[in-house]
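To keep things clear, I will list the structure first and then write my remarks on it.
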Amino acid sequence: MFFAKATYAELRQGYTKRNGFIFTALTDPANVHDAIVVHVLQSAGCITPQLPHSSRSFAEHLALIQSEGLEKAIVISDEIGWLSQCPSLQFLWVIPSDSAADGFDFSPLYYMPCVKWLRCQTAYGIAGKLHGEIDYGKVPGLRCLYVSHTKYEYGFANALDLQSLNLCAYQGNDLADVIGGESLDWLSLTQGKIHSLNGLHKAKSLKSLSLCYQRNLTDISALVNVKSTLFQLCLDHCSHITDFSALSALSALEYLELQGNSILPNLSFLCNMPNLKVFNLGMDVSDGDLSLCMNVPYVTCKNRRHFNLRDAELPKQLCSVQDDHGVELWRRC
């Protein structure tokens, strides 16, 4: 089945209707609605995402997936034992319906070796009081994974083929129990309780690291362990970091984003980043000297009274052709 880019109206509503079936975007590019939405029962609903029911029966959804070899699906259901009838599915977001019983069984996913992109909603029902558990180490072949509730979703460090991991509200103190296989090259952590990046040395192929709202994070010295592979780094509102000296070791960086209320002493680390192409600066700089930014092709900053350059004076030569470093678009989580 061919999927064209969604129209403006379809993008606004978040889905496309095709012959009575509902499709939406599951991965990038977000303007292509190529994931079928399967409400197994017409009464099956969930808090998020808010997507309409199709006019087709469950049997018709099953037949379409099988006949067209569809690869992407958002499944809202009381149970997922039927997924074994859909071996073509490789990208899955599994959401228990509001009518599902406590202890939702995700184990059918353990027998689907073709699934390479997975997101499971393990807290569901009214106020998320019902829970199901899944051990991602038992899902063969996973390459990209979204984890929202680490109390009920575990084993991701044992998924040895995993390349991309998006982890939310992780409760550990560091990354020692996050990183397993050496194939992990794309890591994003949002919120959580980590204090340091210890354990990062196990990610020998890491290319991109995003740390957002890690309010307990103080020590980023372990960044030196990925200095030769890391090309993209985002530190967003990690307000307790005071020592940024590790940035000077990241000579392979091409994209750097620093946001939040932390204060950088200066931008001397830019001298050691000869490959830097994009620098998004949202933090304050104590000495106010942005002159080193003039050596970077594209720079944005938040204007501050003591800065010696304003955003409009900084380089804006954004390269139209960007090296993806072998990271497929669909797994840039």
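The values are calculated or read from the model by the stated rules, or taken from the named source; none is laboratory data. These numbers were taken from a predicted model, which means no experiment stands behind them. All Cβ positions, even for glycine, are placed from backbone atoms using ideal geometry, and neighbour counts span all protein chains on display.
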statement: Per the list (1) at positive phi; (2) crowded, with 22+ Cβ neighbours inside 10 Å, residue check on Asn19 breaks on (2)
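A quick yes/no check of all residues on (1) more than 19 Å from Thr24 (Cβ to Cβ); (2) crowded, with 16+ Cβ neighbours inside 10 Å; (3) touching a residue at least 60 places away in the same chain (Cβ under 8 Å):
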residue	(1), (2), (3)
Leu51	no, yes, no
Ser55	no, no, no
Ala59	yes, no, no
Glu68	no, no, yes
Lys72	no, yes, no
Ile76	no, yes, no
Leu83	no, yes, no
Pro87	yes, no, no
Phe91	no, yes, yes
task: Filter segment 206-221 for residues that are surrounded by fewer than 17 Cβ atoms within 10 Å (Cβ to Cβ) and either closer than 21 Å to Lys277 by Cβ or in contact with a helix residue (DSSP H, G or I) (Cβ under 6 Å, 6 or more places away or on another chain) (or both) and give the result.
output: Ser221
Single residue of segment 93-130 satisfying the filter (of a type in the set (D, E, K, R) and at pLDDT below 95) that is surrounded by the most Cβ atoms within 10 Å (Cβ to Cβ): Asp98
message: Report every pair of residues separated by at least 6 positions or lying on different chains whose Cβ atoms are under 7 Å apart, first residue within segment 120-140 and of a type in the set (Ser, Thr, Tyr), second part of a helix (DSSP H, G or I).
response: Tyr136/Phe156
task: List every residue pair whose Cβ atoms lie under 7 Å apart, where the two residues are 6 or more positions apart in sequence or sit on different chains, the first residue falls within segment 154-172 and is at positive phi, and the second residue, located anywhere, is in a strand (DSSP E or B).
output: Gly155/Asp135
message: I'm trying to understand the selection: among the residues of segment 296-325, which are part of a helix (DSSP H, G or I) and surrounded by 14 or more Cβ atoms within 10 Å (Cβ to Cβ)?
response: Asp311, Glu313
- line: Note on Cys238: of the conditions (1) surrounded by 16 or more Cβ atoms within 10 Å (Cβ to Cβ); (2) without any contact (Cβ under 8 Å) to a residue 40 or more places away in the chain; (3) closer than 21 Å to Cys271 by Cβ, unmet is (3)
Of the criteria (1) surrounded by fewer than 18 Cβ atoms within 10 Å (Cβ to Cβ); (2) at pLDDT 95 or above; (3) closer than 14 Å to Leu162 by Cα, which one Tyr136 fails: (1)
query: So which residues in segment 173-188 are in contact with a Ser or Thr (Cβ under 8 Å, 6 or more places away or on another chain) and either surrounded by fewer than 17 Cβ atoms within 10 Å (Cβ to Cβ) or under 18 Å from Leu142 (Cα atoms) (or both), if there are any at all?
result: Asn173, Glu182, Ser183, Leu184, Asp185, Trp186, Leu187, Ser188
statement: The lone condition Val178 fails out of (1) of a type outside the set (Ser, Thr, Tyr); (2) under 20 Å from Leu253 (Cα atoms); (3) out of contact with any Asp or Glu (no Cβ under 7 Å at 6 or more places or on another chain) is (2)
statement: Of the residues in segment 154-168 that are hydrophobic (A, V, I, L, M, F, W, C) and under 19 Å from Glu182 (Cβ atoms), the one that is surrounded by the fewest Cβ atoms within 10 Å (Cβ to Cβ) is Leu160
query: Could you say whether any residue in segment 139-153 is crowded, with 18+ Cβ neighbours inside 10 Å, touching a helix residue (DSSP H, G or I) at 6+ places or on another chain (Cβ under 6 Å), over 28 Å from Leu217 (Cα atoms) and at pLDDT 95 or above?
result: yes
- request: Please go through segment 136-170 and pick out each residue that is among the acidic types (Asp, Glu) and more than 22 Å from Ile194 (Cβ to Cβ).
  value: Asp161
- prompt: Of the residues in segment 272-282, how many are surrounded by fewer than 18 Cβ atoms within 10 Å (Cβ to Cβ) and within 19 Å of His306 (Cβ to Cβ)?
  reply: 1
- request: Could you grab me the full set of residues in segment 1-33 that are more than 24 Å from the chain's Cα centre (by Cα), modelled with pLDDT of 95 or more and aromatic (Phe, Trp, Tyr)?
  value: Phe21
